[in-house]
Number of protein chains: 2
Amino acid sequence: MSATALDPALADRLKRDEHGLVCAVVQDATSRDVLMVGWMDDEALRRTLSEGRVTFWSRSRREYWRKGDTSGHVQWVRGIALDCDGDTLLVQVDQVGAACHRGTTTCFDGGDLPAVVIDPQERRA
Amino acid sequence: MSATALDPALADRLKRDEHGLVCAVVQDATSRDVLMVGWMDDEALRRTLSEGRVTFWSRSRREYWRKGDTSGHVQWVRGIALDCDGDTLLVQVDQVGAACHRGTTTCFDGGDLPAVVIDPQERRA
């Protein structure tokens with residue numbers, strides 16, 4: 001078995017976007033917080049599956065980005081699942097420190113939008 | 001205030017892809033399962049924020065898709081947050097029935113990939 005390419009059977013299941021990427025949702029395996037979303041190509045996924053640490057493809061910098069190499073905020077892999085249509089990964093991790101570059105626990109902290117929430121008693125589908 | 005367009009201040013914060021879309025991660029507000037990922041344009045987000053139910057833009061069908069209108073598997077909004085770089089939404093919901101069209105609780109059920117998990121005692125960043 002080659003360690004230099006993604007398993008072809010898995011590669012066949014991926015439905016990549018026009019840039020060759022799938023979406024990767026990262027969730028803290030313990031707190032179950034959704035921490036962030038990144039992007040992976042086949043090689044980033046191969047590294048993530050085989051190294052025990054999460055590697056993304058940075059769309060802005062156009063390079064591989066192993067989370068924590070610069071910040072120390074490593075994401076240790078606890079599990080990875082592919083969704084039903086093959087275009088999204090759910091990566092369960094043990095997060096070291098803050099997931100967000102701003103120093104917050106998640107990239108969604110402080111981002112609440114004003115949403116209408118219908119009272120459960122009033123819900124009619 | 002117009003109800004026919006997304007709040008311009010919010011629209012300014014969105015970093016849309018080349019198709020005018022942002023990624024929307026849907027999480028069950030109670031179980032905290034990540035249920036699915038969909039896509040929203042400004043109008044889908046406006047409807048989702050104002051109606052109390054989740055509407056996506058279907059990239060394959062090229063139309064708005066209010067979750068549950070066909071299946072009955074409604075997603076009632078509990079909260080919405082925008083991430084730090086403005087290209088991803090986290091939508092907390094009360095999910096009625098199965099989130100996945102296959103009848104499973106989430107779109108990731110049954111999709112586990114073989115990932116190396118490093119024992120916490122052996123982790124060296």
> Can you give the accessible area of B:R61 in Å² (nearest 10), computed on protein heavy atoms with a 1.4 Å probe?
Replying inline: 120
>> In whole Hz and in residue order, list the ³J(HN,Hα) couplings for segment A:87-96 that follow from phi through the Karplus curve 6.51 cos²θ - 1.76 cosθ + 1.60, θ = phi - 60°; x for Gly and Pro.
In response: 10, 9, 10, 10, 10, 8, 9, 9, 8, 8
> Using Cα atoms only, what is the angle between the long axis of helix B:42-51 and the major principal axis of chain B, expressed in degrees (0 to 90) to the nearest 10?
Replying inline: 90
> Within 10 Å of each Cβ of A:70-80, how many other protein chain Cβ atoms are there on average?
Replying inline: 3
>> For Cα pairs less than 8 Å apart in space and 6+ apart in sequence, what is the mean separation divided by the residue count of chain A, i.e. the relative contact order in percent?
In response: 23
> Shortest first, in nm, what separates the label point of A:E51 from those of the same position in the other copies (7 Å along Cα→Cβ)?
Replying inline: 4.2
> What does the average come to when, for each residue of peptide B:25-36, you count the partner chain Cβ atoms lying within 10 Å of its Cβ?
Replying inline: 4
> Given a 1.4 Å probe and every protein chain left where it sits, what share in percent of the accessible area of chain A is carbon and sulfur?
Replying inline: 48
> Between copies, how far does the label point of B:G97 sit from its twins, in nm, shortest first, when each point is 7 Å from Cα along Cα→Cβ?
Replying inline: 4.6
> Residues of chain B: accessible area per residue at 1.4 Å, in Å²?
Replying inline: 49
>> Before we go on, tell me the buried accessible area for the B/A pair, both chains summed, 1.4 Å probe, in Å² to the nearest 100.
In response: 4100
> DSSP loop chymotrypsin sites (Phe, Trp or Tyr not before Pro) in segment A:1-60 with at most 10 other Cβ atoms within 10 Å of their Cβ, which ones?
Replying inline: none
> Per residue Cα convex hull volume for the protein assembly as shown, in cubic angstrom?
Replying inline: 137
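Size of the dipole of chain A about the Cα centre, Lys and Arg at +1 and Asp and Glu at -1 on the beta carbon, nothing else charged, in debye to 20? Could you put the intermediate results ahead of the total?
Details: 16 positive and 20 negative charges, 46 e Å.
Its charge dipole is roughly 220 debye.
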> Based solely on its DSSP helices, what 222 nm [θ] is calculated for the protein assembly as shown when runs of n ≥ 4 H residues each add -39,500 (n - 2.57) and the sum is averaged over all residues, nearest 500 deg cm²/dmol?
Replying inline: -3500 deg cm²/dmol
>> What whole-number distance in Å separates the alpha-carbon centres of segment B:1-33 and segment A:20-66?
In response: 22
> Nearest-to-axis residue of chain B, judged by Cβ, for the B-to-A rotation, with distance in whole Å?
Replying inline: B:R32, 2
> Semi-axes of segment A:1-90's equivalent ellipsoid from the Cα gyration tensor, sqrt of 5 times each eigenvalue, largest first, rounded to whole Å?
Replying inline: 19, 15, 14
>> Below 13 angstrom from the Cβ of A:C23, what's the summed charge of the other residues (Lys, Arg +1; Asp, Glu -1)?
In response: -4
> Hey, with R₀ at 45 Å, roughly what FRET efficiency would B:T4 and B:V117 work out to, going by the Cβ-Cβ distance, to 0.05?
Replying inline: 0.35
>> Placing the label point 7 Å from Cα along the Cα-to-Cβ direction, what are the distances from B:D112 to the equivalent spots in the other copies, shortest first, in nm to one decimal?
In response: 3.6
> Under a straight-distance cross-link criterion of Cα-Cα below 13 Å, which aspartates and glutamates are reachable from A:K67, leaving out those fewer than 8 residues away in the same chain?
Replying inline: A:E51, A:D94
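The values are calculated or read from the model by the stated rules, or taken from the named source; none is laboratory data. Remember, it's a predicted structure, so these values are computed and weren't measured experimentally. Backbone-built Cβ (ideal geometry, glycine too); neighbour counts: all protein chains shown. In case anyone asks, the SASA skips ligands and DNA or RNA and just uses the protein heavy atoms, side chains included. Shrake-Rupley method; radii C 1.70, N 1.55, O 1.52, S 1.80 Å.
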